Amino acid sequence: PIKIFFLQFKSPLILILIVAAAISFFINYHRGEGYVDSVLIIIIVLASGIAGFVQDYKAEEAIEALKKMASPKAKVIRGEKEMEIKASNIVPGDLILLEGGDIVPADSKIIEGKAEVDESVLTGESRSIHKKENDDIYSSCSILSGRIIAEVYATAMKTKVGKIAEKMQDIKEDETPFQRHMKKFSNKLVLGTGFIIILTFMAGANKFGFLETGLIAVSLAVAAIPEGLPAVITLALSLGAKNMVAKNALIRKLSITESIGSINTICTDKTGTLTEGNMKVKDVWCPGNNNTIKTLSYQCSYYCNNAKKIYKEGEKKWTGDETDIALKKYSSKNIKTEGERKGEISFTSERKMMSVMQKLEGKNIIFTKGAPEIIIEKCQFVAKSEKNKILSKKEKKEILEKNKELAKKGFRILALAFKENKELSEDKLVFISLIYLNDPVRAEAKKSVRECQAAGIRTIMITGDNPLTAQAIANEVNIMSDKVYIGKDLDKMRGAEIDKILAGNNNIFARTSPFHKLRILTSLKNQGQVVAMTGDGVNDALALKKSDVGVAMGIKGTEVSKQASDIILLDDNFSTIRNSILEGRRIFDNIRKFVNYLLTCNLAEVIVILVATLTLPFVALYPVQILWINLITDGLVALALSIDPAKPNIMKRSPRGKNEGIINKKLGLLIVVNGVIMSIVLLAMFFSAIKLGEETARTMLFTGFILDEFVRLGLIKYNENLKSIKDWFLNKFLIFSLLFSLSLQLMVIYTPLGNYFNIVPLGVKEWLILISFTLLGLLLGIIATKTINKFVK
């Protein structure tokens, strides 16, 4: 907190204000007029620092809370019970259970099982390393395949990666593209302001003297730079991230919050994302259905399976792949003995099959499940009630035809097979059955896909499932495609050929591996698309990392995929992606609104002070008055704009360009034109009021800027094409902030505080003049905004 507080006073702006206080003190000392100005400037600098600290601290707290939510879990055995706990709660001596997709939570020694481990985070070598009993595994490394139990001997900063992290703590994080854009924008603003200050100083030195002109120059600096902008942007992003969490999207990087709105292509998985992920076994089918085959189907479904019940939050819950869970639920009531697992050949997206060796009643039986077209090629026999028989070509054809028939109905189908053998192998298998499962389409998926399409966002389905099943589900959710391509098709293509099919209306890819996802992603990015990629497996990590927005599954996703992602879907739901895009667009729109709001006023302040300095023998606005306008009144309204609700048509417009910044051509023109109009109107009012007295004219100019808050907000809302009066008043905090700003100004004018701001009370005549010129500014602003909207896109 102390560091965050003092960082508020590090910016060039704050340093300029401190210089302003010093100059003001020096001038007043020589005049013998007291030190009210300099004290007020210091008070306002402190107020600004405290406000910035509160906002930054809240943002840091929000990020910390998000990090805690995203922290990995680990399976441990404690008190002979298997349970899931936070990885940060692991202690030396714990027994941890790890399988493909998990990240090792602590340095440990394997006491049972074997696995393929990726140690690239430590060694830089991308090759997997085979690990067995008594081998060490290290924190932050990834389990690619296999299942192991390991005993923890080092945690946190005592691990190998912890020792590296200790040395890296002093390394600063790189700035995000958004931060770099804002920094570049700020630098341009400071350079422009510097030029104007020098010009003003040269023009006013003879007229006002060195010290007075210095004060005017500092006034210009204060007028030109939007003090509240960095804090408001930080808060807008952090509030946006909080809103997304409430809608089941956990943002892992605050800077990505604004970027989500520019997505124009979503590559999504099918199972659990477009569908409910509530897989249930519908039935089994086999040539010559009988009870013997049913028993074998139960056994294969149960034993060739890594789903299990473990303790989560004090109760037993199923964990594992949703298909495995469905098979376990289907078969568990018909299994009388657990037997003993003697070995496993793990499922991978390339092999599309899995096998285990189970010892049952003294026999070693190999059970295999996987994609029917893969399993059928491994089968030499078919199970019959009396005796296994040679699998004929006719029966193979019959099985594959049945597979097609079921797939067309949207079922997920697996083939089951077995054999008795002393060694674990996957040849000469006995075909048991096709087991088909039903995973209903999510009720909201069709609507979400349709809304994304209306918003100019293309949806591409990439699934490891059967192409016919993929086509059936895609049709149901309105993803249209000229053709369904499978992974083998992509393997035969060069990059240019993949570019060609993705440039067309081809949006369904089935029987794919993560390698195919990566090729599709590369092609889309080469075509300039802003891509969100979903993934849940270990091998999805590269595609998630390389995509513009990586989206990991919170329920079925592995820790590796979550660590590689930008967003974690806490409900694995496609509609959550749609909600995130809407929120990202809303945040970006609101950033543009308060940038428009703040810079229009700042430009007008610069023009007014510059013209007044060149034409009048007295100071138009003092630094303390400009600080009051910028920090106390403008800042609160800008903050209110950051929580403005989304525009009614926000999901009916095309995504913005990939490289489009906050201030595009249209917004830049609106700021300049409305800023010039505002300054002309205020100068006209100011010059007409000079005959009422210097202090009265200054007070009217000071108050005119406050009243112009209503004009600027009116123009911003007018620019949104709101359909009803009700839409204008949806943001209650915005209405409150406007009224509060006006109340503060009235308090300054009509209480003794006015003496400290060098202003005087205003009468009815002065208010009538002020309101008349404010309405004129609004009318001219509407005409200008309408004209710009008509001719500039």
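With respect to the cross-link table entries Lys73/Lys316; Lys329/Lys363; Lys109/Lys308; Lys270/Lys562, which display a Cα-Cα separation exceeding 21 Å?
Details: Lys73/Lys316 16 Å; Lys329/Lys363 25 Å; Lys109/Lys308 23 Å; Lys270/Lys562 18 Å.
The pairs that break the limit, which is 21 Å between Cα atoms, are Lys329/Lys363; Lys109/Lys308.
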Percent carbon-and-sulfur accessible area, the stretch 465-515, ignoring ligands, DNA and RNA, probe 1.4 Å: 51
In the stretch 577-631 the accessible area split gives carbon plus sulfur, as whole percent at 1.4 Å, a share of 68
At what distance in angstrom do the alpha carbon centres of the stretch 620-653 and the stretch 439-512 lie from each other? 43
At 1.4 Å probe size, with no ligands or nucleic acids counted, give the accessible surface of Arg578 in Å², nearest ten. 40
What spacing in nm lies between the two simple spin-label points modelled at Glu361 and Ile129, each 7 Å away from Cα in the Cβ direction? 4.5
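With a/c under 1.5 counting as rounded, go ahead and sort the stretch 403-510 into rounded, prolate or oblate using the C-alpha gyration tensor (a ≥ b ≥ c being the square roots of the eigenvalues; past the cut-off, prolate if a/b is larger than b/c, else oblate).
Details: a/c = 3.26, a/b = 1.62, b/c = 2.01.
Judged from the Cα gyration tensor, the stretch 403-510 comes out oblate (a/c at least 1.5, b/c at or above a/b).
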Leaving out ligands and nucleic acids, and using a 1.4 Å probe, what accessible area per residue does the stretch 688-751 come to in Å²? 45
At 1.4 Å probe size, with the rest of the protein present, what percent of the exposed accessible area of the stretch 376-425 is carbon and sulfur atoms? 48
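Which pairs break 19 Å Cα to Cα here: Lys282/Lys378; Lys447/Lys525; Lys447/Lys652; Lys294/Lys333? Each step should come with its number before you reach the end.
On the way: Lys282/Lys378 25 Å; Lys447/Lys525 26 Å; Lys447/Lys652 13 Å; Lys294/Lys333 13 Å.
Over 19 Å Cα-Cα: Lys282/Lys378; Lys447/Lys525.
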Could you do me a favour and compute the accessible area per residue for the stretch 425-544, 1.4 Å probe, result in Å²? 38
Relative contact order of the chain: what whole-number percent is it, with Cα pairs under 8 angstrom and at least 6 residues apart? 13
Add -39500 (n - 2.57) for each DSSP H run of 4 or more in the chain, then divide by its residues: what number comes out at 222 nm, to the nearest 500 deg cm²/dmol? -16500 deg cm²/dmol
Placing each pseudo-label 7 Å from Cα in the direction of the beta carbon, Leu424 and Val764 end up separated by a distance in nanometres of 9.5
Within straight-line cross-link reach of Lys253, aspartates and glutamates at Cα separation under 16 Å, skipping those fewer than 8 residues along the same chain: Asp56, Glu60, Glu61, Glu64, Glu173, Asp174, Glu175, Asp548, Asp566, Glu583
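Quick one: if the Förster radius is 35 Å, what FRET efficiency do Asn334 and Tyr57 give, using the C-beta to C-beta distance and rounding to 0.05? Numbers along the way, then the final one.
On the way: r = 58 Å, r/R0 = 1.66.
According to the calculation, E is roughly 0.05.
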Pairs from Lys247/Lys546; Lys75/Lys556; Lys723/Lys786 whose Cα-Cα separation, in the structure shown, is over 18 Å: Lys247/Lys546
Within the under-12-Å Cβ sphere about Ala407, not counting Ala407, Lys/Arg +1 and Asp/Glu -1 give a net charge of +2
Theoretical gain in end-to-end length, Tyr756 to Ile2 [0.36 nm per residue, Cα-Cα removed]: 268.3 nm
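From the P(r) of the stretch 577-687, could you give the percentage of C-alpha pairs in the tail past 17 Å?
Working: 3867 of 6105 pairs.
Here the tail beyond 17 Å accounts for 63 percent of pairs.
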Using Cα positions and a limit of under 22 Å, work out the lysines in reach of Lys691, with same-chain residues fewer than 8 apart set aside. Lys207, Lys765
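The values are calculated or read from the model by the stated rules, or taken from the named source; none is laboratory data. Computed from a predicted model, the values in this text were never measured in an experiment. All Cβ positions, even for glycine, are placed from backbone atoms using ideal geometry, and neighbour counts span all protein chains on display. With ligands, DNA and RNA removed, areas are computed over all heavy atoms of the protein, side chains included. Shrake-Rupley method; radii C 1.70, N 1.55, O 1.52, S 1.80 Å.
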